[in-house]
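Chemist: What follows is a single structure, and I will ask about it in a moment.
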Amino acid sequence: MDTSTVVPFTPGIAPTPARKDAHARAATAVAPAEPAAAGSSAERELARLRARVRELSAELIQAQEAACRHVARELHDGVGAELTATRFALASVETWLPADAPPQCAAALAVASRSLDAVCTASRQAVAELHAPALDAGIVGALAQWTGDFAARTQLRTSFVCAADLRLTRLPAEAALAVFRVAQEALNNIAKHARAESADVRIETSRRHLSVIVSDDGIGMSRSARTRRGHFGLSGMRARCAAFDGTLRVSISRRQTGTRAAESGKLSRGTVVHARFAWDAMLTNTADAAAPLTSRRSLRSLQS
């Protein structure tokens with residue numbers, strides 16, 4: 001049996017037995033280091049890609065907030081002024097209407113006034129939602145107040161349950177806003193599309209993650225709607241989670257029950273939105289660190 005060892009050969013230097021042993025020891029010492037180096041390189045590349053995802057997500061979030069502020073200003077200053085002028089004009093018409101005017105005129109003015117009131121209410125609500133919430137009382141207080149207002153506005157039975165975790169009181173403004181916006185968008189989707197009777201909001205915490213879970217007892221969201229890339233609301237929610245090393249999962253729950261389901265004898269297909277954020281990323285101001293100078297310049301150009 002051939003037990004010879006192949007060693008590198010340097011021209012002009014004879015491969016003596018001593019050099020053979022030295023080469024063999026060197027090869028044995030160097031070989032195991034190659035996989036470790038490759039693994040370290042892969043880990044560095046993965047960390048770089050994750051940082052880039054956080055950076056892009058933070059830039060998208062800031063651009064969205066800038067757009068929200070711009071639209072809110074336009075609604076308040078432009079549309080609000082026009083609605084006020086229209087209200088005064090209708091009041092003048094009603095005042096100038098002669099006593100012998102056909103009753104249809106007064107009825108038409110009443111319909112126009114009710115429609116104008118509805119538009120004004122919707123405009124004020126839109127401005128309130130577009131503006132960033134007051135987070136002085138913390139994310140728990142802000143979400144508790146908003147879910148209460150949501151229940152009063154939509155007449156949906158709405159509950160809010162939050163874990164007792166001191167870390168919730170230490171969330172930076174950017175992290176608290178991300179949590180709030182995800183819950184807000186999920187509830188708005190329920191009001192617009194779910195045809196639900198109730199909605200539940202829960203904040204759960206673990207050692208590594210903060211989770212926001214919003215569920216309803218409505219008709220459920222189709223798979224195509226859950227995966228559609230053009231869905232601005234879902235893409236924004238995913239970006240807010242990704243900015244803090246988190247994930248967003250939208251699923252169908254057949255365990256929800258409601259009055260409509262009980263009367264029809266069918267099991268409800270409620271939607272469950274599960275948004276998860278990493279504590280490490282939230283408590284270290286990752287969003288601020290992830291916004292480089294180029295991102296700030298692009299945001300300034302958007303705002304201008």
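Values in this text are rule-based calculations from the coordinates and carry no lab data. Computed from a prediction, not measured in an experiment: that's the story for all the values here. Cβ placement follows ideal geometry from the backbone for every residue including glycine, while neighbour counts extend to all protein chains displayed.
Chemist: So what's the net charge close to Asp117: Lys and Arg +1, Asp and Glu -1, counting the other residues with Cβ under 12 Å from its Cβ?
Modeler: That works out to +3.
Chemist: Further, regarding this structure: Along Cα→Cβ, 7 Å out, is where each label goes; now give me the distance between the ones at Ala137 and Ser40 in nm to one decimal.
Modeler: 5.3
Chemist: Under a 5 Å amide H to amide H cut-off, with H placed in plane at 1.01 Å, what residues pair with Ala199 once short-range neighbours are removed?
Modeler: Arg157, Thr158, Ser159
Chemist: Here's something else I'd like to know. When you count, for each residue, the other Cβ atoms within 10 Å and take the mean per peptide, how do 96-104, 243-251, 171-179 rank with the highest first?
Modeler: Details: 96-104: 8.1, 243-251: 20.3, 171-179: 21.9.
The packing order, highest mean first, is 171-179, 243-251, 96-104.
Chemist: What distance in nm lies between label points placed 7 Å from Cα along the C-beta direction at Ser251 and Thr205?
Modeler: Going from the Ser251 label point to the Thr205 one covers 2.4 nm.
Chemist: Taking R0 as 22 Å, what's the FRET efficiency between Ala91 and Arg124 from their Cβ-Cβ distance, rounded to 0.05?
Modeler: 0.70
Chemist: Shifting gears a bit: Just grab the label-to-label distance for Leu116 and Ala51, each label 7 Å out from Cα along the Cβ direction, in nm (one decimal).
Modeler: The two pseudo-label positions are separated by 5.8 nm.
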